[in-house]
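Comments concern the structure below.
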Amino acid sequence: KDFHLSQNYPNPFNPSTVINYKLAFNNKGKLTIFNILGEEVNSWKLSSNSGEVVWNGIDKFGKPVSSGIYFYKLVSDKNSITKKMLLLK
């Protein structure tokens with residue numbers, strides 16, 4: 001399948017984790033991280049068909065996030081996949 005979101009590694013993580021993705025041909029996408037309350041923590045616009053995002057536990061305001069469960073969601077065209085990860089400090 002051309003649209004894929006891998007489980008982050010390492011998981012649990014501290015201080016950073018890697019998320020690999022693959023988009024359908026010539027699609028653009030967005031990877032968003034949410035906290036347990038569903039609030040957006042950080043996001044990246046993706047323009048390459050495949051690649052990786054390294055998240056260092058920093059939110060979109062440049063502040064470190066607390067320990068806990070986070071969800072990451074890949075959206076492209078009509079496709080979406082959500083997975084969860086754990087930050088342990």
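Since every read-out is calculated from the coordinates, none of them should be taken as a lab result. None of these values were measured; they are calculated from a predicted model. Every residue, glycine among them, receives a Cβ derived from its backbone with ideal geometry; neighbour counts consider all protein chains shown.
Spin-label model, Asn49 to Lys84: label points 7 Å out along the Cα-to-beta-carbon direction sit 3.4 nm apart.
In straight-distance terms, cross-link reach from Lys60 covers every one of the lysines whose alpha-carbon lies under 18 Å from its own, apart from those fewer than eight places away in the same chain; here that gives Lys30, Lys45, Lys73. Across the chain, C-alpha contacts under 8 Å between residues 6 or more apart give a mean separation that, scaled by the residue count, equals a relative contact order of 32 percent.
Summing charges over neighbours of Lys28, with a neighbour being any other residue whose Cβ is under 12 Å away from its Cβ, gives +1 when K and R count +1 and D and E count -1.
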